[in-house]
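Engineer: Pasting in a structure now, in C-alpha cells, and then I'll have a few things to ask.
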2 protein chains.
Amino acid sequence: MGEKYQALVVRLKEIRNVDRAAAVLHWDQQVNMPRGGARGRAAQLATLSKIAHEMLISDETARLIADAETEVGSADYDSVEASMLRVAKRDFRKSTCVPSSLVAELAEAETLAHEVWAEARAQDHFGKFLPALQRILDLKRREAEFRGYSEHPYDAFLDDYEPGMTASRVKKLFDAHKGALVSLVAAIKERGDGVSDALLRQTYDIDKQRAFGEQMVRAYGYDFERGRQDVAVHPFCITFSQGDVRITTRYNSDYLNPALFGTMHESGHAMYEQGVDPALEGTPLSRGTSLGVHESQSRLWENFVGRSRPFWTWAYPQLQSTFPDQLGGVDLETFYRAINRVAPSFVRVEADEATYNLHIMVRFEIELDLVTGAVPLEKVPQLWNEKFESYLGIVPPSNKLGVLQDVHWSSGLIGYFPTYAIGNLLTAQFYRQALAAHPSIPDEIAQGKFDTLREWMRVNIYQHGRKFTADELTQRLTGEPVECSYFITYLQEKYRDIYG
Amino acid sequence: MGEKYQALVVRLKEIRNVDRAAAVLHWDQQVNMPRGGARGRAAQLATLSKIAHEMLISDETARLIADAETEVGSADYDSVEASMLRVAKRDFRKSTCVPSSLVAELAEAETLAHEVWAEARAQDHFGKFLPALQRILDLKRREAEFRGYSEHPYDAFLDDYEPGMTASRVKKLFDAHKGALVSLVAAIKERGDGVSDALLRQTYDIDKQRAFGEQMVRAYGYDFERGRQDVAVHPFCITFSQGDVRITTRYNSDYLNPALFGTMHESGHAMYEQGVDPALEGTPLSRGTSLGVHESQSRLWENFVGRSRPFWTWAYPQLQSTFPDQLGGVDLETFYRAINRVAPSFVRVEADEATYNLHIMVRFEIELDLVTGAVPLEKVPQLWNEKFESYLGIVPPSNKLGVLQDVHWSSGLIGYFPTYAIGNLLTAQFYRQALAAHPSIPDEIAQGKFDTLREWMRVNIYQHGRKFTADELTQRLTGEPVECSYFITYLQEKYRDIYG
C-alpha cells in the first residue's frame, strides 16, 4: 500500500494510543487508585476521551480516509487494507453521526444516574432510580434517531456491541430457545436437589486459590509475559497492547467458584486479545470483533472447558493436593456435579449455564419496551418479577436482587445484555466446529493439553481481530449465522448426564 | 478574574491532564507492566507526549495567554492569577523556543543512548557509551543555543530543573563548601572506623520492613488516602493529582537502609505535592517549584528528621519490637551511630550525608566541561577518577562504579545533578527557619509529633506550588539566597557529636 493508506494508519494508531492510555487509567482506577484520586482521574479520563473523539471526528481523519480509499480501492475484501478502511469508516460514521452536545449530555446523565442507581440499589428503592433512568432513556432515544436504524431504535444500540445484529434477530433467537431452557430448568428442579455445592463453600485460602487459578489459565495458554492478574471488585479483562492484556478477579475465602471460574472466564477474553495477528497491532483492527464473539471465548474456557469432565479429570488431583483438607475426601464425580449444579437464582452474575440465558431474556424483553416507551417505568419492577417467575420459577424478594442488580442501564448500556447470551450460543457453535476438526480435543483436555483447541480458536477467530464482523466470522466458520440449537443440545446432554 | 483568564486555565488544565495521564503510564511501567508491554507503552507515551506538546505550543495557547494577559494585567504578583500567567508564559516560551525536529532528534538519541549506556555499564566499557554520549552532547549544545543563556550554555539546562540558577552561582556555592566537606570527611576517616553499620546488614523480613516504613511516614503526615507505596527498581515519587501522590521503594532483605530511608525520602517529595493549595489543583502551579526545593523536602524527612537522635528516641523502641532478634540487644546510641556512619563510597545513591555533595561536585565540574567540549570525551573516566580521589580519597575500581553509574547523561539530563546538592543546602536553611519559629520541634519529634514541622513547611513552601521560584521562596523565607554555611554547620555539629 502507498503513502496515503500509511498516513491513515498512523492517524488511527495515534487515536488508538490515546484510547489505550485511557484504558491504563481505567485499570489503575479499579485496581490501585487511592480514594483521593477519583476527582483527578475523572478529569484526566474526560480529557483523553475528548481528545480521542476530536481526533477521530476531525476533518483531518475524514480526509485521510478519503485519500486512503483512492489507494485501497479494489483491494481484496479479506486484506488488512480493505478491512482497515471498512472498520475506520464504520468507526468514523458512528462517531460523527451523534452531535457532541448529545454525547456530553449522555456522559453527564450517566455519571449522575450511576450515583443515583448505587444509592437506589443500596436502599432497594426503584422509585429513586426512576427519574435518572427516564433521563437516560430520553437521551438514548434521541441518540438512536441520530444513529439511524432500519427496524427498531434498539438496533442502533445493539450495533455498538454486536455490529449487524438487530432486535428482531435477537428476539427470534431467544424465542427459539426460551422454551427449551424453561423446560430444562423445570425438569431439573422436578428431579429434586440431588446435587450439592456445599463442598465449594468451605474455607479456601486465597493465596492458594490465586496460585491454582493462575496455574490453570497458564496451562490454557494465557501468557503472563504479556499480561498479569490483579484483584478488582468487578472483574474484567483489559487490553493495553497485544503485549499487555490484563485480567482481574475477586477472591472469596468462603467460596471457591468466583475466583476460579472468574479467572478462567477472563483468561478467555485475554487469549482472544493476545492472539490477534501482530500485523494488526495498534490499529483499530487489533481487538475482538464483537462482545458476543468475545463472550464466546470467555464462556468457552470457563464453561465448555473449565466445567467439563475431561478438564477436571486432569485438574482435580491438582486441586485436591492444593486443598487436601477441603477436597481430599471428595471424589471427582461429586466435585464435577457440584460445580455444575443448576439452581435458579436471582443474580445474573452468579447464574449457572442452564439459567443464564433466561436472565438475559428477562432484560432484553424489558429493554425493548424501555426504548419504545411501551411500558411505564414504574411498572418495570413488576414486569421484571413476572417474567422472572415465568422463566425461572422464582420471584426476587427485592428490587436489589431484581431490576436494580445490574449497573448497565445507569451507564447507558442499553443493548449490551443480549451479547452475553449470544456469546453462549456462539461458544457451542464454534466448539462444535473445533471438535469436528479435531475430535481428540476432549482427550487432550483430559491430559492438560489445550494447544489444539486454542490454536483452532486463534487461527479461526483470534488472529482476525476486527477484520470480519461476528456474522461474517460465524458464517465462514460454521456455514450458518448464530444459532441456538447447538447450545441447547450441549446443555441437554450435559445435564442429562448429571441429573439423569 | 474574567472569562479570558478562565479559558486559559481550562486549556492549561487539559494539557496537564494529558501529562498526568502519561505519569500514570510511567508509574505502571515501573511498577506493574509485564515485559511484553514495553513496545505498546512506548508508543502510547510518545503519542501523549506529542499531543501535550502540540497543545502547549499551539497558536490557540498563545492566543489564550495573550488574551488572559489583558485581564490579569496589574494583578498582585503573589496572586494566583499573576503567578499562573507568569508560569504559563515561562512554560510556553521554553516549549516553543526549541524546534520540534530537535526535540524529536533528542528523544530518539536518548532512547538509543539509554540502551547503549545500560550495555556499556554492564560490560564496564566506557568506550561503548562514548559515541552515544557525544551525540547527546552535540544535540544538547544545539538545544542550548535555541534556549538561550546569558553566561554559560549550561545555564539553559539548569533552568529546566532549577529556574533562575546559573552555572556560575552553582560553582560559587560548591567551591564555598567543597573544602569544608573534604576536611570533614578526611577528619572522620583519620579518627578510624569507630562506627559500624554491620547491625543494619542483618536479615530483615521484607513485610515487616514495609509495615514499619509505612508506619513512620504515616506519622510524618504522608496521607495514604491520597497515595500508596509500591515496589520499583529505581524508587521515585509521582503525582497524578493532589489526591493521588504515589511513592515507591525497593526492599533488600539483607540491608535495612534502602527501604527505610528510601521511604522517608520519597514521603518528603510526596508531602510537598500533597500539600499544594487545593485552589491550584490541576493547573501548572500544582507541583513543586524546583528540583532543589523538592529535594530539600525529601532530605529533610530522610536525614534531618529520619537520621536524627530525637526521631529515633521515639522510633527505635518500635523498630526494636519489630525486629527483636536483630535489634533487641542493640542500644539506641549504637543504632544511631550506625545509621549515621560516614564512609566514602563509589556510588552516589548510597552516599552518606557528609560525602553526598562531593559526589555531585565531581559530576557538576565534569558536566561543565562536557557542555563546552573543553575535555575530550575519552578523558572523562580519568577525570572522574582523579576528582574522586581528590575529594573523597578513593578511586573507583571500575567505570561501572565510576563514570558509568548514573542514568542521567544517557537520558539527556545535563544540569540535573546540582539540584541534589542544592536540595541539601536548602534543607539546612529551611529547617533552621522552622526551628527558629518553633524551637520545640526536636522535642516534639522525640515524641513522634511531626505536625508543627510539617505545617511550617506546608504553609511556607508546599502550599505555594510553583507560584514562586526557588530563589523567591528562599529569599522570602530566609532573607538570603541559597547558602552553604548552614549545611556545613549542621554536618560539623552532627558528626562532632558522633565521631568526637
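The values are calculated or read from the model by the stated rules, or taken from the named source; none is laboratory data. Since this is a predicted model, take the numbers as computed values, not measurements. Counting neighbours? That spans all protein chains shown, and the Cβs are built from the backbone with ideal geometry, glycine included. SASA here: full protein model, heavy atoms, side chains in, ligands and nucleic acids out. Shrake-Rupley method; radii C 1.70, N 1.55, O 1.52, S 1.80 Å.
Engineer: Taking every alpha carbon pair in the stretch B:1-96, what does the distance histogram look like in 5 angstrom bins from 0, in percent?
Structural biologist: Taking every Cα pair in the stretch B:1-96, the percentages come to 2, 13, 21, 19, 14, 11, 8, 6, 4, 2, 0.
Engineer: In 20 Å bins starting at zero, report the fraction of Cα pairs in the protein assembly as shown per bin as a rounded %.
Structural biologist: Percent of Cα pairs in each bin: 11, 38, 33, 17, 1.
Engineer: Shifting gears a bit: Highest first, please rank the peptides B:344-353, B:458-467 by the mean number of other Cβ atoms sitting within 10 Å of their residues.
Structural biologist: Details: B:344-353: 17.2, B:458-467: 20.3.
The most tightly packed comes first, giving B:458-467, B:344-353.
Engineer: Here's something else I'd like to know. Shielding by partners for A:222-228, please: the mean number of other protein chain Cβ atoms within 10 Å of each residue's Cβ.
Structural biologist: Counting other chains' Cβ atoms within 10 Å and averaging over A:222-228 gives 3.
Engineer: Another one. Report, as an integer, the average count of C-beta atoms from other chains found within 10 Å of each Cβ along A:43-50.
Structural biologist: Numbers: counts 9, 14, 2, 2, 10, 6, 0, 2.
For peptide A:43-50, the averaged partner shielding equals 6.
Engineer: For the stretch B:194-346, evaluate the Debye formula with one uniform point scatterer on each Cα (no solvent term) and list log10 I(q)/I(0) at q = 0.09, 0.11, 0.17, 0.21 Å⁻¹, rounded to two decimals.
Structural biologist: -0.30, -0.44, -0.97, -1.36
Engineer: If you don't mind, another one. How far apart are the A:P278 label points across copies, placing each 7 Å from Cα toward Cβ, in nm, shortest first?
Structural biologist: Shortest to longest, the spacings are 5.0 nm.
Engineer: Here's something else I'd like to know. Run through the other copies and list how far each one's label point is from that of A:Q6, in nm with one decimal, shortest first; the point sits 7 Å from Cα along Cα-Cβ.
Structural biologist: Spelled out, the distances from A:Q6's label point are 4.7 nm.
Engineer: Which value does Rg/Rh take for chain B over its C-alpha atoms, Rh per Kirkwood?
Structural biologist: Answer for chain B: 0.95.
Engineer: Just from its helices, what would the mean residue ellipticity at 222 nm be for chain B, if runs of 4 or more DSSP H residues each count -39500 (n - 2.57) and the sum is divided by every residue, rounded to the nearest 500 deg cm²/dmol?
Structural biologist: When only DSSP H runs of four or more count, the value is -20500 deg cm²/dmol.
Engineer: Can you give the net charge of the other residues whose Cβ lies under 15 Å from the Cβ of B:A446, counting K and R as +1 and D and E as -1?
Structural biologist: Net of charged neighbours comes to -1.
Engineer: Oh, and also: Just tell me, in residue order, which DSSP H segments of chain B are both 15 angstrom or longer along the helix axis (alpha-carbon based) and at least -0.5 in mean Kyte-Doolittle hydropathy.
Structural biologist: What comes out of the filter, once short or polar helices are dropped, is B:3-31, B:38-57, B:59-72, B:100-123, B:126-147, B:167-190, B:356-372, B:418-437.
Engineer: Would you mind listing the distances between the A:R142 label point and the same position in each other copy? Use 7 Å along Cα-to-C-beta, nm, one decimal, shortest first.
Structural biologist: Spacings between copies for this position, smallest first, are 5.2 nm.
Engineer: Determine the order of B:D443, A:D230 by accessible area, beginning with the largest, at a probe radius of 1.4 Å.
Structural biologist: B:D443, A:D230
Engineer: Then there's this: Rank these by accessible area, largest first, 1.4 Å probe: A:E225, A:E162.
Structural biologist: A:E225, A:E162
Engineer: Which aspartates and glutamates does B:K387 reach when only Cα atoms under 15 Å apart count, and residues fewer than 8 places away in its own chain are ignored?
Structural biologist: Qualifying aspartates and glutamates at Cα under 15 Å: B:D175, B:E365, B:E367, B:D369.
Engineer: Taking the Cβ of B:P324 as the center, what net charge do the other residues with Cβ under 15 Å away carry, scoring Lys and Arg +1 and Asp and Glu -1?
Structural biologist: That works out to -2.
Engineer: Given the pairs B:K172/B:K379; A:K13/B:K89; A:K140/A:K379; A:K4/A:K467; A:K50/A:K172, which are separated by over 30 angstrom at their Cα positions?
Structural biologist: Over 30 Å Cα-Cα: A:K13/B:K89; A:K50/A:K172.
Engineer: Reachable aspartates and glutamates from B:K400, Cα under 12 Å, same-chain residues fewer than 8 places away excluded?
Structural biologist: Excluding near neighbours in sequence, the set is B:E119, B:D124.
Engineer: Still on this structure, I have one more. In Å, what Kirkwood hydrodynamic radius results for the stretch B:356-500 from the alpha-carbon pair distances?
Structural biologist: About 17.9 Å, per the Kirkwood formula over Cα pairs.
Engineer: Determine the sum of side-chain charges near B:F335: Lys and Arg each +1, Asp and Glu each -1, restricted to other residues whose C-beta is under 14 angstrom from that of B:F335.
Structural biologist: Numbers: positive: B:R201, B:R307, B:R309, B:R337, B:R341; negative: B:D197, B:D331, B:E333.
So the surrounding residues net to +2.
Engineer: Heavy atoms only, probe 1.4 angstrom, no DNA, RNA or ligands counted: give me A:K387, A:K172, B:K140 ranked by accessible area, highest first.
Structural biologist: My answer, sorted largest first, is A:K172, A:K387, B:K140.
Engineer: Moving to a separate point now. In peptide B:21-27, what is the residue-averaged number of other protein chain Cβ atoms found within 10 Å of each Cβ?
Structural biologist: That works out to 5 on average.
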